[in-house]
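Have a look at the structure below, then the notes.
The values are calculated or read from the model by the stated rules, or taken from the named source; none is laboratory data. Predicted model, so just to flag it, every value in this text is computed and none were measured. Accessible surface is based on the protein model in full, side chains and every heavy atom, while ligands, DNA and RNA are left aside. Shrake-Rupley method; radii C 1.70, N 1.55, O 1.52, S 1.80 Å.
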Amino acid sequence: MRNMLIDAQTSHLVGHINKHKANVEILLTHPVGIGEHQDIQTAIEDELEEIANYHDKLEMLVKYFPKTNEEKSNDEKRTDNS
């Protein structure tokens, strides 16, 4: 269960990183498509801030909550008890 939760959180964080990376790519390649003529540089900076936020969270997850062999150990215990 622990590894499943770690995997889910990892997927969540990576998904947000990819979303904001896509936004930066759009801002870089099609800036005229941005409504209301906002400050493109500020918009890119905001997106980079979001990427950094999710990246930091991902690093903390990996550093402080490493995946374990929990599932394998539980499977082996079930096999041994059978």
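Some observations on this one:
- Whole-percent carbon and sulfur share, accessible surface of region 1-68, 1.4 Å: 60
- Average projection area in nm² (convex hull over Cα atoms of region 1-68, one quarter of hull surface): 5.0
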